[in-house]
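Structure first, then comments.
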Amino acid sequence: MNHADTIVVRVVAIEQVTPQIKHFTLAPAAGGNFPAFSGGSHIIVVMRGVNRIHRNPYSLMSSPGQLETYEVSVRRMEQSRGGSHFMHDQVQVGNELEIAHPVNLFPLDKIARKHLLIAGGIGITPFMAQLADLRTAGVPYELHYATRSPEHCAFGGLLSEREPGRVQKYYDCTGELIDFEGLLSNQPLGTHVYVCGPAPMIEKVVATARERGWPDSHIHWEQFSAPPVGDAFDVYLARSSLKVHVVPDQSLLESIEAAGVEVPYLCRGGVCGFCRTKVVEVDGTLVHNDHFLSDEEKASGKTIMPCVSRARCSKLVLDL
Amino acid sequence: MNVVFKPDETFRDDFTFRNSPEAIRRFPLPFPEDRYMYSVNIEEHLPGPPGSVIEFPIDIDEHYVAECRERALVLAEEPRRFQALPHMMSSQWDCLELIMESLARDYPQHFALERRGSRWVWTNRPLQIHQTFTFGDPATLPQEPLEYITRQAQGDWVVMDQREGDLWCEAGMVTTQADWSLDFDMGMSFKEWHGPVPLAHEMGVFDRALKFLLNLRLNEPVRRLNWTMTIHPRLDTSPENYYKWGPDRATVTPQNAGNKAHLRVELQGLWRLPRSNAIVFSIRAYLISMQELVTVPKWARRVHRVLRDLHPALVDYKGLSRYRDAVVEYLAPFDDGAPTSPGTAPE
Ligand code: FES
């Protein structure tokens, strides 16, 4: 799979929606409409910086019924390795960027009897488009949305306006917590739960739902990891006979791509499994940051997801 | 290519279906070598050479009008050849958009689509249809969207919803099938549906194919070819109508095989659908009689060798046991043992 087939977009509006989150409205540079998509989809935004290219996944937030623009929100990552800083600091209205066609790794289940949506912080983004689908679907749903404080509650006003009686907001600063136990114990048969937010929230929801006997097929979560910063190391691409240096704030995948070798990917967030690569040899330890490999697979050290994972070693050899 | 339709040919009763010399030369032979083994052989559905069946994503050929009439005849007798579960409505609109856009873009001499917001005007000249409707509002069309548009398209169309890490066959129009039934397969998952192919499960091909399809992307459709044989140019060989076509298989002799036995090739296309995140699977059947096939000497040699050496499990699975030998005998005089050039081109 390669991504030759990107769409050039123009930034038509930027809004600072919370102290940490900026909201971007994009239009096709060539005019006309964007491709249709389904709620829960993300796009990869390609950012060409001065000496490196970032490719970050962002959930589409605009309504699937409106295709003149796409909207995404970007949270500024404190520990960033570039992509979110680029969006926050470099991108101006009128700039051009490239995006890949939408991919949905977090779709609503079409035969669910009820949808229970749980968002934490920036995790609200995929739900914004799903809510647009749900408003016309005729199936009951409710959203529980936790943020630090009203000031950090992105789109809080908009949500209350659009979803009267179906949104409940929780603020850490006033000590309000989502009662996961209560929420997950009290749902009609056929309810599906969807959670997107920080890792501890996802773990809590998934664990509680399983304890309460929810089938796995009714539990959905999405968490894109940003590739964490790590130590520098060298990677040898055995089939291409190339040596690539990976600097601390660049991901393994980005480093390999910068050397001109393509690796298939869908999510760039450790979720889809597409970038899975065979490890031939490593003289240290692999640092797995993905949500795809099982614990046993991680322990065996035979494969790695280069979009988010790296190594603490001096030499890593990959089958690429 | 300027298609000249043959509106009067039939796929039943007197079987007047024939391929023109041009249609023979563009026939999608599925055998790149002199031997055949089952494989999933999926490739990207990229545009092929001008005039070929893969020049455009959805192919229209000289049999278009006649095939649409054949479909209408089947539906009149058995309306359940079209089915759609209620949650598949958004995927029905996705399919309608896919087909209308492709045909209008690739065959502007025959089809036109005008979109003004959600108000669409569709023109199908070969079938003399002119329809104004509201995209998204089923009440503005004479049938449900998928039925409406597939009555105007060649090939069968099956829509699969994606959930629980599997694909579920939950809507479709199936009237030109090789011995399988939508009615029977409705609601089945991908693996249940593909259950009976021998040798394939052992090879793990379906696990790999499913994984591949679950990750199928928008704007990157894929295709593969599959094949079997059919006696007479009969499009509708459904299990429900086995009594009509099954007995034909016992009537093939080396003397009549040229006229009776047809190679049936399915061009299967798979598209991710944008609004519903479902996948549509199109199965387009191309038929060619042995007599037409042998007009291309390379193909006569190739098909003779493939059929003669076919794995017994596949002979059985493809339903060829009763007449394979007769067809091989018919083809043998056309095979002088000369080597064939690689690939499927007529030469
Ligand atoms: S690209 Fe999806 S896991 Fe790496």
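The values are calculated or read from the model by the stated rules, or taken from the named source; none is laboratory data. These numbers come from a predicted model, not from an experiment. Quick reminder, even Gly has a Cβ in these numbers, built from the backbone with ideal geometry, and neighbours come from all protein chains shown. Areas reflect the complete protein model, heavy atoms only, side chains present, ligands, DNA and RNA absent. Shrake-Rupley method; radii C 1.70, N 1.55, O 1.52, S 1.80 Å.
Here are a few things to note about the model shown:
- Amide H contacts under 5 Å for A:T6, placed H, 5+ residues apart: none
- Intensity falloff of the range A:233-318 expressed as log10 I(q)/I(0), Debye formula with alpha-carbon point scatterers, at q = 0.14, 0.15, 0.16, 0.21 Å⁻¹: -0.40, -0.46, -0.53, -0.96
- Between A:R48 and A:T136, the simple spin-label model (points 7 angstrom out along Cα→Cβ) gives 3.7 nm.
- In terms of Cα atoms, the Rg and Dmax of the range B:101-231 work out to 17.8, 51 Å.
- Shielding by partners, peptide B:80-91 (average Cβ within 10 angstrom, other chains): 2
- Both numbers refer to the Cα atoms of the protein assembly as shown; Rg and Dmax are 27.6, 89 Å.
- For the range A:1-92, alpha-carbon Rg relative to the globular expectation (2.2 N^0.38 Å, N residues): 1.07
- Per residue, the convex hull volume that the Cα atoms of the range B:1-49 enclose (Å³): 168 Å³
- Extent along the principal axes, Cα only, for the range A:46-93: 37, 20, 18 Å, with the longest axis given first.
- Diffusion coefficient (Stokes-Einstein, Kirkwood radius over C-alpha pairs, 37 °C, 0.692 mPa s) for the range B:254-316: 231 µm²/s, rounded to a whole number.
- Per-residue [θ]222 nm for chain A (sum of -39500 (n - 2.57) over DSSP H runs n ≥ 4, rounded to 500): -4500 deg cm²/dmol
- Among the listed pairs B:K191/B:K244; A:K302/B:K211; A:K114/A:K169, those whose Cα-Cα separation exceeds 22 Å are B:K191/B:K244.
- For the range B:172-330, convex hull volume per residue from C-alpha positions, Å³: 126 Å³
- For the range A:29-56, a decrease in accessible area of 20 Å² or greater in the assembled protein chains relative to the isolated chain, with a 1.4 Å probe, applies to A:A36, A:F37, A:S38.
- For peptides A:285-293, B:331-339, B:256-264, A:10-18, sequence by mean Cβ density within 10 Å, most packed first: B:256-264, A:285-293, A:10-18, B:331-339
- Whole-percent pair-distance distribution, where bins are 20 Å wide, for the alpha carbons of chain A: 31, 57, 12, 0
- J(HN,Hα) series, the range A:248-262, from Karplus relation 6.51 cos²θ - 1.76 cosθ + 1.60, nearest Hz, glycine and proline x: x, 9, 10, 6, 4, 4, 4, 5, 5, 4, 5, 7, x, 9, 8
- Legend: P(r) of the range A:154-300 from all alpha carbon pair distances, 5 Å bins from 0, whole percents, reading 2, 7, 12, 15, 16, 12, 10, 9, 8, 6, 3, 0, 0.
- Chains A and B together bury roughly 1700 Å² of accessible surface, counting both sides and using a 1.4 Å probe on protein heavy atoms.
- When only Cα pairs below 8 angstrom with a gap of at least 6 residues are kept, the range B:21-334 shows a relative contact order of 21 percent.
- Whole-percent carbon and sulfur share, accessible surface of the range A:212-301, 1.4 Å: 50 percent
- Spin-label proximity, B:A72 to the range B:125-147 - amide N less than 14 Å from point 7 Å beyond Cα toward beta carbon: B:125-130, B:143
- Each eigenvalue of the Cα gyration tensor of the range B:21-334, multiplied by 5 and square-rooted, gives one semi-axis; in descending order these are 33, 22, 19 Å.
- Principal-axis tilt of helix A:199-211 within chain A, Cα atoms, nearest 10 degrees: 60 degrees
- Cα centroid separation, the range A:36-115 to the range A:263-285: 22 Å.
- Descending Cα extents along the principal axes, the range B:96-157, whole Å: 26, 26, 20
- Contact order relative to length of the range A:114-222, as percent, for alpha carbon pairs under 8 angstrom and 6 or more apart: 33 percent
- Angle of helix A:125-135 to the longest C-alpha principal axis of chain A, folded into 0 to 90 degrees and rounded to 10: 40°.
- Using a simple spin-label model with pseudo-atoms 7 Å out from Cα toward Cβ, A:A29 and A:E15 lie 2.5 nm apart.
- Whole-Hz ³J(HN,Hα) from phi, Karplus 6.51 cos²θ - 1.76 cosθ + 1.60, for the range A:160-165, glycine and proline x: 5, 5, 7, 10, x, x
- Environment charge of A:Y194, counting only residues whose C-beta is closer than 10 Å and scoring Lys/Arg +1, Asp/Glu -1: -2
- Remark: the range A:89-144 is approximated by an ellipsoid whose semi-axes, taken from the C-alpha gyration tensor as √(5λ), come to 29, 14, 10 Å, largest first.
- Percent of Cα pairs exceeding the 18 Å cut-off, where the set is the range B:242-347: 57 percent
- Each principal axis of the Cα cloud of the range B:1-115 was taken in turn, and the coordinate range along them, longest first, works out to 46, 38, 35 Å.
- Translational diffusion of the range A:114-222 was estimated from the Stokes-Einstein equation, with Rh taken as the Kirkwood radius over Cα pairs; at 4 °C and 1.567 mPa s the coefficient is 92 µm²/s.
- Solvent-accessible area per residue for the protein assembly as shown (1.4 angstrom probe, square angstrom): 42 Å²
- With R₀ set to 30 Å, the beta-carbon distance separating A:D179 from A:I111 gives a calculated FRET efficiency near 0.65.
- Between amide H atoms placed 1.01 Å from N, distances below 5 Å from A:Q20 occur with no residue 5 or more places distant or on a separate chain.
- Residues listed by number, the range B:162-179, amide nitrogen under 15 Å from B:S321 label point at 7 Å toward C-beta: none
- Chain B: calculated mean residue ellipticity at 222 nm from DSSP helix runs of at least 4, using -39500 (n - 2.57): -7500 deg cm²/dmol
- Counted by Cβ distance under 13 Å from A:G40, the other residues give a net charge of 0, where Lys and Arg count +1 and Asp and Glu count -1.
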